[in-house]
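Written out below as structure tokens is the structure these notes cover.
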Amino acid sequence: MQEIPIRAFGVSLFAIRVTDLPHEVLLLERIESLVREWCQVAGGIAPGETAWQAALRELEEETGVTPDALYSADTCEQFYEADRDRITIFPVFVAIVDASAEVVLNHEHSAYRWVGFDEAAEMVAFGGQRRVLRWIEEEFVKRRPSRHLRIAFS
């Protein structure tokens, strides 16, 4: 029987902010991989780094933003890579960001937008992203997240 390997080498992070309007989520337009697609913050886990540390680092590298709070989203983003014939899984994190935080993009992105969850679901390319967006909206916007999901960082 042939096995399909499962890899967890990266992380996915959705930054959300509270404004006078409904909560908004940050999307970035990519210019390297997935060119011209709108995506959340994502990236690889460096040697010796935990997944949550990678999520914080990627958020800072890609946007210049440090969150007020970080949570495990209690879900994973998963997708099949046909060119490699494998399933990839990324743990998902949620960063709560101050509404006045200034986004400074790195070389991987050409633009950013803070948008509502419905608009974000229309902008992203993949069903898995839409599924995770809906999960985050249900578990982090419509209800208070479990205190057990909060990650203490300094």
Worksheet item: What are the residues in the stretch 28-74 that are in a strand (DSSP E or B) and more than 25 Å from residue 99 (Cβ to Cβ), if any?
Response: 32, 34, 44
Discussion item. Looking at residue 145 and the list (1) under 16 Å from the mean Cα position of the chain (by Cα); (2) surrounded by 18 or more Cβ atoms within 10 Å (Cβ to Cβ), which single condition is not satisfied?
Written reply: (1)
Worksheet, complete the sentence: Per the filter on the stretch 103-144, residues farther than 20 Å from residue 30 by Cβ, at pLDDT 95 or above and of a type in the set (D, E, K, R) are 118, 134, 137, 138, 139
Item to complete: Determine if the stretch 86-100 includes at least one residue that is more than 23 Å from residue 52 (Cβ to Cβ), hydroxyl-bearing (Ser, Thr, Tyr) and without any contact (Cβ under 8 Å) to a residue 60 or more places away in the chain.
Response: yes
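Looking at the stretch 134-151, is at least one residue part of a strand (DSSP E or B) and either in contact (Cβ under 8 Å) with a residue 60 or more places away in the chain or of a type in the set (Asp, Glu) (or both)? If you could, list the steps in order and put the result at the bottom.
Applying the first criterion (part of a strand (DSSP E or B)) to the stretch 134-151 yields 150-151.
Still in the running and either in contact (Cβ under 8 Å) with a residue 60 or more places away in the chain or of a type in the set (Asp, Glu) (or both): 150-151.
Looking for residues that are part of a strand (DSSP E or B) and either in contact (Cβ under 8 Å) with a residue 60 or more places away in the chain or of a type in the set (Asp, Glu) (or both), one finds at least one in the stretch 134-151, hence yes.
Take the stretch 44-57 and flag every residue that is within 11 Å of the chain's Cα centre (by Cα) and over 16 Å from residue 132 (Cβ atoms). Can you show your working first?
The initial filter retains those residues of the stretch 44-57 that are within 11 Å of the chain's Cα centre (by Cα), namely 55-56.
Within the stretch 44-57, just 56 meets the criteria.
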Worksheet item: If we keep just the residues of the stretch 18-27 that are outside any strand (DSSP E or B) and touching a residue at least 24 places away in the same chain (Cβ under 8 Å), which is farthest from the chain's Cα centre (by Cα)?
Response: 21
Discussion item. Out of everything in the stretch 107-133 that is surrounded by 13 or more Cβ atoms within 10 Å (Cβ to Cβ) and charged (D, E, K, R), what residue ends up being farthest from residue 87 (Cα to Cα)?
Written reply: 113
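The values are calculated or read from the model by the stated rules, or taken from the named source; none is laboratory data. Fair warning: this is a prediction, and the values are worked out from it, not measured in the lab. Ideal geometry is used to build each Cβ from the backbone, glycine not excepted, and the neighbour counts take in all protein chains shown.
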